[in-house]
Amino acid sequence: MIELKNVSKWYGSFQVLDDCSTHIEKGEVVVVCGPSGSGKSTLIKTINALEPIQKGEIWVNGTPVHDPKTNLPKLRSKVGMVFQHFELFPHLTVTQNLTIAQVKVLGRSQDEARKRGLKMLDRVGLMAHKDKFPGQLSGGQQQRVAIARALSMDPIVMLFDEPTSALDPEMVGEVLDVMVSLANEGMTMMCVTHEMGFARKVASRVIFMDVGGKILEDCTKDDFFGNPDARQSRTKDFLGKILQH
Amino acid sequence: MNLSFDFSFYNWDLISNFILKGLYFSVMLTVVATLGGIFFGTLLAMMRLSGRKWLVVPATIYVDGMRSIPLVMVILWFFLLVPMIIGQPIGAEMSAVITFIAFEATYFSEIMRAGIQSVPRGQMSAGQALGMTYGQNMRLIVLPQAFRNMLPVLLTQTIILFQDTSLVYAIGAYDMLKGFEVAGKNYGRPIEAFVAAAVVYFVICYTLSHLVKRLHKRIAIIH
Ligand SMILES: Nc1ncnc2c1ncn2[C@@H]1O[C@H](COP(=O)(O)OP(=O)(O)OP(=O)(O)O)[C@@H](O)[C@H]1O
Ligand SMILES: [Mg+2]
């Protein structure tokens, strides 16, 4: 469903992505990990063209993302994204956050959008907060609303960029629970995260990126965690560091 | 010099005959110039932040140019030039309205530019990720927040603008100051008239400033 072919990207002369190729099939959950600055956020944002690329090809459900003629807003409306810092719209209520893009982008009626949005809000367990403003919610609650907002658009794939790394530890679980249930329902997902428990539970594959924007490992979860001898030494170092915690 | 003031000539007749008409124009000019100034100022701010040279350069020249000329000169030049350009005379009042919108837009554009920059970049990314176009993002996500963040500064600029409207004096438009002046002349009490004008400007502006300060505090608490 998603295919990246030899993708490279530079900021000026600084290379952030170096010949990255991978693919995600329908229903797969792919976890991306790697050290800070290795280009994980950049990689995931190339998929909905929030970050343009200079070389290579990206295909999402048959649409060429790299093609300048592609209608990007239309493509993005089908690709859900969840950010590290939630990025809810602070001047709008929770319900308005859930409906605005459904109405403005998908052309749904207010009623229809509200129905759909509240259904998603219910699914992340926050129905009681529908009339509040984002600033009145905890970080974990905000992130769950952000997930509901993305789901309201009926996306074909969900992208997560470190959805739990800005949260207090006691709120990480509630967000991961939502993500696990999504994965179990067969949602296609790409998640940048260092939550290896999550990866072990639901990932189909794990991608490891290293400094310089290279994909160093791209293998099944069982291979990644169960077969350390086949891993590169950089990967072993990294896993050793984060699994200690 | 005889400094004994006599304000006894101020009665309702005088106020309604001379002052209210001027006050009405001053307030109207302030409101129209604020709304128009914010509208065109926001356009200028968006041009300057667009990153496109063909938009950035003209907007920057316009803003920097206007801000380097004293307002009273702009008022005079507009009044003299515009009739020559459009081939027919326009009244002092109409000329003042156009001038103030054009001039104040440059100040409001600086405020709105700071306001737009005060909205985190991630907000735009989130809107884009939901499939919203640049225009929708600006209109629905970025500008409402920029406007809210800048509200106290915008209102403060409006108060300054209200004071500046007295400069239309230079082209003979009938504003509040002119009203006092005419009244003073008619009753042979020009000094008292200007003192009274100063008091009225002071009371209006001081009260508004105070309200803005309280608003500022309330916004700070909500955040
Ligand atoms: N706008 C930019 N201009 C220049 N360099 C940038 C820009 N954005 C990111 N970079 C650089 O690109 C590299 C990759 O950044 P990216 O955010 O994708 O890394 P990351 O793997 O997500 O890191 P983290 O774990 O800290 O989020 C970093 O070295 C970063 O400094
Ligand atoms: Mg990142």
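The values are calculated or read from the model by the stated rules, or taken from the named source; none is laboratory data. Just so it is clear, the structure is predicted and the values come from calculations on it, not from any experiment. Note that each Cβ is placed from the backbone with ideal geometry, even for glycine, and that neighbours are counted across all protein chains shown. For accessibility, only protein heavy atoms count, side chains too; no ligands or nucleic acids. Shrake-Rupley method; radii C 1.70, N 1.55, O 1.52, S 1.80 Å.
When you look at A:Leu118, is it open to solvent by 10 Å² or more (accessible area, probe 1.4 Å) and free of Cβ contacts under 8 Å to residues at least 60 places away in the same chain, yes or no? So A:Leu118 passes the test.
Here B:Ile219 fulfils each of the conditions (1) away from every other protein chain (no Cβ under 14 Å); (2) more than 27 Å from B:Ser95 (Cα to Cα); (3) surrounded by fewer than 18 Cβ atoms within 10 Å (Cβ to Cβ) apart from (1). Just one of the listed residues (B:Leu143, B:Leu177, B:Leu155) is part of a helix (DSSP H, G or I), in contact (Cβ under 8 Å) with a residue 60 or more places away in the chain and open to solvent by 40 Å² or more (accessible area, probe 1.4 Å), and it is B:Leu155. The requirement of being under 17 Å from A:Gly140 (Cα atoms), within 14 Å of ligand 2 (Cβ to nearest atom) and either in contact (Cβ under 8 Å) with a residue 60 or more places away in the chain or open to solvent by 40 Å² or more (accessible area, probe 1.4 Å) (or both) is not satisfied by A:Pro169.
Going residue by residue through region B:40-54, is there one that turns out to be closer than 19 Å to B:Leu161 by Cβ, touching a residue at least 24 places away in the same chain (Cβ under 8 Å) and of a type in the set (Gly, Ala, Ser)? Yes, there is a match, as at least one residue in region B:40-54 is closer than 19 Å to B:Leu161 by Cβ, touching a residue at least 24 places away in the same chain (Cβ under 8 Å) and of a type in the set (Gly, Ala, Ser).
One residue stands out in region A:149-174 among those that are within 13 Å of the chain's Cα centre (by Cα) and closer than 17 Å to A:Arg123 by Cα: the one that is nearest to the other protein chains (Cβ to nearest Cβ), namely A:Ala150.
Residues in region A:210-236 that are within 16 Å of ligand 1 (Cβ to nearest atom) and loosely packed, with under 12 Cβ neighbours inside 10 Å: none.
All of (1) more than 16 Å from ligand 2 (Cβ to nearest atom); (2) surrounded by 21 or more Cβ atoms within 10 Å (Cβ to Cβ); (3) under 21 Å from A:Asn48 (Cβ atoms) hold for A:Ala199 with one exception: (3).
Taken over region B:112-128, the criterion of being closer than 17 Å to A:Leu88 by Cβ and either among the hydrophobic types (A, V, I, L, M, F, W, C) or over 29 Å from the mean Cα position of the chain (by Cα) (or both) is satisfied by B:Val119, B:Arg121, B:Gly122, B:Gln123, B:Met124, B:Ser125, B:Ala126, B:Gly127, B:Gln128. Here is a check on your reading of the model: is A:Leu4 of a type outside the set (Phe, Trp, Tyr), more than 16 Å from ligand 2 (Cβ to nearest atom), within 21 Å of A:Asp210 (Cα to Cα) and crowded, with 17+ Cβ neighbours inside 10 Å? Yes: the conditions hold for A:Leu4. The lone criterion from (1) within 14 Å of chain A (Cβ to nearest Cβ); (2) within 20 Å of the chain's Cα centre (by Cα) left unmet by B:Gly131 is number (2). If you check A:Ser36, A:Ser13 for being free of Cβ contacts under 8 Å to residues at least 60 places away in the same chain, away from ligand 2 (no atom under 16 Å from the Cβ) and not aliphatic (A, V, I, L, M), only one passes: A:Ser13. The set of residues from region A:38-75 being basic (Lys, Arg) and open to solvent by 20 Å² or more (accessible area, probe 1.4 Å) comprises A:Lys45, A:Lys55, A:Lys69, A:Lys74.
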